[in-house]
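To start, the structure under review is shown below, and the notes come after it.
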Amino acid sequence: MKITADEAAKMAALAQIKMNEREAAEYTGELNSIMAYIDRIKVLDTDDIQPTIYVLPLQNVWREDEVQPCLSNEQALANAAETEAGMYLVPRVIE
Amino acid sequence: MIGLSALELAEAVRSEQIGVAEAVKAYLERIENIDSQLNAFLTVSRKEALTRAEVVQKKISAGERLSALAGVPIALKDNISTTGVTTTCASKMLAGYVPVYNASVVDKLEQAGMIVIGKLNMDEFAMGGSSETGAFGPVRNPWDMTRVAGGSSGGCAAAVAGREIPIALGSDTGGSIRQPCSFCGVTGIKPTYGSVSRYGLIAYASSLDQIGPLGQDINDCAALLSIISGPDEKDRTCVIDKPFVFSQSVPERLEGIKIGLPSNYFHSGIDAAVKDSVLAAAEELASAGAEVEEFVMPLMDFLIPAYYIIACAEASSNLSRFDGIRYGYRSAEGKTLAEVYRLSRSEGFGLEVKRRIMLGSFVLSSGYYDAYYKKALQAQVLLKDAYNHLFKCFDLILSPVAPTTAYKLGENVDDPLKMYLGDIYTVSVNLAGLPSVALPCGFDGQGLPIGLQFIGDAFAEEKLIQAARVYQGRTDYHTKRPGWT
């Protein structure tokens, strides 16, 4: 598997990370050396193996649908860069 | 008082030979004097700690039995949320972030009468094995200040080894508690996945992350694990039904215990001194009555690939929450919403974090998902099956923690793959959700510490701790500290 600079740029875009050409070239080289190693996994025989997310047995846990204490509006906004009228402020989305 | 184990300090506090505030002040003073050299602390919460010390002292003086570690100062890796105390994950992204809620483990420490006195340096967002990738400078190894402390819980291990704190809490996703323990000559436990709540632990790879203790010996670590373990309705993956209670009796021998030694861990890519020390430990355990038998660890070629695929995939998803809007760094340059996201993330995250987010986005992207992510999850199932089989034959597995001792600062930062390969002995434990204890077992020719690990079946912590007690009862590596301390 060889990652091209274009693919690296696509990955960066997917991850919402901006990259200049020099950075893209550096990352492409590094990711290729990492992927060359990771590609070893392709020879592993995994036919008929069911993939799993958690290796421990997890069961659904039910609880009553009751109101619990939660963050106040003030607390929820406490770490935001910009707020207004009790809400997060972002640049205008719709003209 | 500096140099007492956490349990000894708690006993001195309980018998009122030492006051809680006195203990807290002694450690605060020590941090002030030496941390400019180690860079283990990112935040010291002096005022909060002294206030808490008074509250705890009153309870202890009134005869309240809070816990085995009541009155003991503790410091936390800076990815564990603390109400009102800055929590940065050693990232520019979270510089100045002050949580409005505690991690569940922090509430448990408070109920246990422990005093949080600061937050510890680490690799940025726990991604790394050297505690050099953080935004606030590298942690230095107390045994040799030109070397790394290991990572990602490097600040925890360095602070304990440098006697800046009696005991600490770190987190382990692929070896992040055990490897710094090995590099700094201290003891640590990576608990079974699902035994300690992750609520309030800022996530790296949620299916692998687990909080655990780093301390001066196994008894300190076991006491702290008892305090932080147990169910939590805020973390549905915390499947344990009650906190661990470990037996107080310390066995002297290991008759009837079968220990597996993975022979292929010692073939290549391991320092001779590490190999010799771990094999010498195997002999020590055999002379304590254990039956040590070699086996070949299966799937070895696939451990690092499976780990990095799964961890980076989860990281790319977990770290998508950092958008510059609700908390965290916000670029001043973003004129549109899309630019706010992209510039905040580009400026806020460091190199290694971006590398792993990109890798994770790649293995999850359409066209590659089956070849990488799904394949890694299948490899994980095979690994779990292999361990299940091994634990039908063995009570525990003895293994090195890391293939080398602490390397020079800067030596591996430009070679991510080389850094990743250093995780070869630790990642399988996380992939299979198992517990492991890391113990000092020797020194190399340059006087740098070497560590071993015992790996056990899920929720077999008691067995690991008893074996560790026997080993530490017969050796003194865990009592050694750098000469200057």
Query - Filter result for the condition that a residue is of a type in the set (A, V, I, L, M, F, W, C) and open to solvent by 10 Å² or more (accessible area, probe 1.4 Å), over B:VAL139, B:VAL106, B:VAL116 - result: B:VAL116
Query raised in the report: Of (1) open to solvent by 10 Å² or more (accessible area, probe 1.4 Å); (2) out of contact with any helix residue (DSSP H, G or I) (no Cβ under 7 Å at 6 or more places or on another chain); (3) in a strand (DSSP E or B); (4) over 23 Å from B:LEU448 (Cβ atoms), B:ARG147 satisfies all except one. Which?
Result: (4)
Query raised in the report: Does B:ALA273 qualify as being assigned to a helix (DSSP H, G or I), under 26 Å from the mean Cα position of the chain (by Cα) and surrounded by 22 or more Cβ atoms within 10 Å (Cβ to Cβ)?
Result: no
Report task. Report, by residue number, each residue of the range B:63-100 that is over 25 Å from B:ALA26 (Cα atoms), surrounded by fewer than 18 Cβ atoms within 10 Å (Cβ to Cβ) and within 11 Å of chain A (Cβ to nearest Cβ). Result -> B:GLY96, B:VAL98, B:VAL100
Query raised in the report: Can B:SER365 be described as among the hydroxyl-bearing types (Ser, Thr, Tyr) and open to solvent by 10 Å² or more (accessible area, probe 1.4 Å)?
Result: yes
Query raised in the report: Out of (1) at positive phi; (2) touching a Gly at 6+ places or on another chain (Cβ under 8 Å); (3) open to solvent by 30 Å² or more (accessible area, probe 1.4 Å), what's the single condition that is false for B:GLY324?
Result: (3)
Report task. Output the residue which, of all residues in the range B:468-480 that are surrounded by fewer than 18 Cβ atoms within 10 Å (Cβ to Cβ) and charged (D, E, K, R), is farthest from the chain's Cα centre (by Cα). Result -> B:ARG474
Query raised in the report: B:ALA338: open to solvent by 30 Å² or more (accessible area, probe 1.4 Å), under 30 Å from A:LYS18 (Cα atoms), of a type outside the set (S, T, N, Q) and free of Cβ contacts under 8 Å to residues at least 60 places away in the same chain, yes or no?
Result: yes
Query - In the range A:3-43, the residues that are among the small types (Gly, Ala, Ser) and either within 19 Å of B:TYR369 (Cβ to Cβ) or more than 9 Å from chain B (Cβ to nearest Cβ) (or both) - result: A:ALA5, A:ALA8, A:ALA9, A:ALA12, A:ALA13, A:ALA15, A:ALA24, A:ALA25, A:GLY29
Report task. Kindly establish whether A:GLN16 is at positive phi, among the polar types (S, T, N, Q) and at pLDDT 90 or above. Result -> yes
**Report entry** Meets criteria (touching a His at 6+ places or on another chain (Cβ under 8 Å), at pLDDT 95 or above and closer than 17 Å to B:GLY154 by Cβ) for B:PRO440
**Finding:** yes
Query raised in the report: Which residue pairs have Cβ atoms under 7 Å apart, sit 6 or more places apart or on different chains, and have a first residue in the range B:258-277 that is among the aromatic types (Phe, Trp, Tyr) and a second that is assigned to a loop (DSSP other than H, G, I, E, B) and open to solvent by less than 20 Å² (accessible area, probe 1.4 Å)?
Result: B:TYR265/B:MET297; B:TYR265/B:TYR425
Query raised in the report: Would the range B:111-129 turn up any residue that is over 20 Å from B:LEU201 (Cα atoms) and either in contact (Cβ under 8 Å) with a residue 24 or more places away in the chain or aromatic (Phe, Trp, Tyr) (or both)?
Result: yes
Requested in this report: State whether one or more residues within the range B:423-436 are more than 7 Å from chain A (Cβ to nearest Cβ) and open to solvent by 20 Å² or more (accessible area, probe 1.4 Å).
Outcome: yes
Query raised in the report: Which ones in the range B:290-317 are open to solvent by 20 Å² or more (accessible area, probe 1.4 Å) and not in a strand (DSSP E or B)?
Result: B:VAL296, B:PRO298, B:LEU299, B:MET300, B:ASP301, B:PHE302, B:GLU314, B:SER317
**Report entry** Within the range B:364-374, tally of residues that are part of a helix (DSSP H, G or I), within 8 Å of chain A (Cβ to nearest Cβ) and within 17 Å of A:ILE3 (Cβ to Cβ)
**Finding:** 2
Query raised in the report: Quick one: which of B:ARG330, B:ARG326, B:ARG345 is under 29 Å from the mean Cα position of the chain (by Cα), assigned to a loop (DSSP other than H, G, I, E, B) and at the interface with another protein chain (Cβ under 9 Å from one of its Cβ atoms)?
Result: B:ARG326
Query raised in the report: Only one residue in A:THR46, A:THR52 is at the interface with chain B (Cβ under 8 Å from one of its Cβ atoms), of a type outside the set (A, V, I, L, M, F, W, C) and buried (at least 17 other Cβ atoms within 10 Å of the Cβ). Which one?
Result: A:THR46
Report task. Determine, yes or no, whether B:SER247 is open to solvent by 20 Å² or more (accessible area, probe 1.4 Å), of a type in the set (Ser, Thr, Tyr) and in a loop (DSSP other than H, G, I, E, B). Result -> yes
Requested in this report: Would you mind finding the one in B:ILE450, B:ILE465, B:ILE397 that is open to solvent by less than 20 Å² (accessible area, probe 1.4 Å), closer than 21 Å to B:VAL278 by Cβ and part of a helix (DSSP H, G or I)?
Outcome: B:ILE465
Report summary line: Only unsatisfied item for B:ILE357, checking (1) more than 7 Å from chain A (Cβ to nearest Cβ); (2) under 14 Å from B:TYR204 (Cα atoms); (3) of a type outside the set (Lys, Arg), is (1)
**Report entry** When residues of the range A:66-95 are limited to those that are closer than 23 Å to B:THR86 by Cβ and acidic (Asp, Glu), the one nearest to the other protein chains (Cβ to nearest Cβ)
**Finding:** A:GLU82
Report task. Find the residue count for the range B:217-243, including only residues that are open to solvent by 20 Å² or more (accessible area, probe 1.4 Å) and free of Cβ contacts under 8 Å to residues at least 40 places away in the same chain. Result -> 6
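The values are calculated or read from the model by the stated rules, or taken from the named source; none is laboratory data. The structure presented is a predicted model; accordingly, all values stated were derived computationally and were not measured. Counting neighbours? That spans all protein chains shown, and the Cβs are built from the backbone with ideal geometry, glycine included. For accessibility, only protein heavy atoms count, side chains too; no ligands or nucleic acids. Shrake-Rupley method; radii C 1.70, N 1.55, O 1.52, S 1.80 Å.
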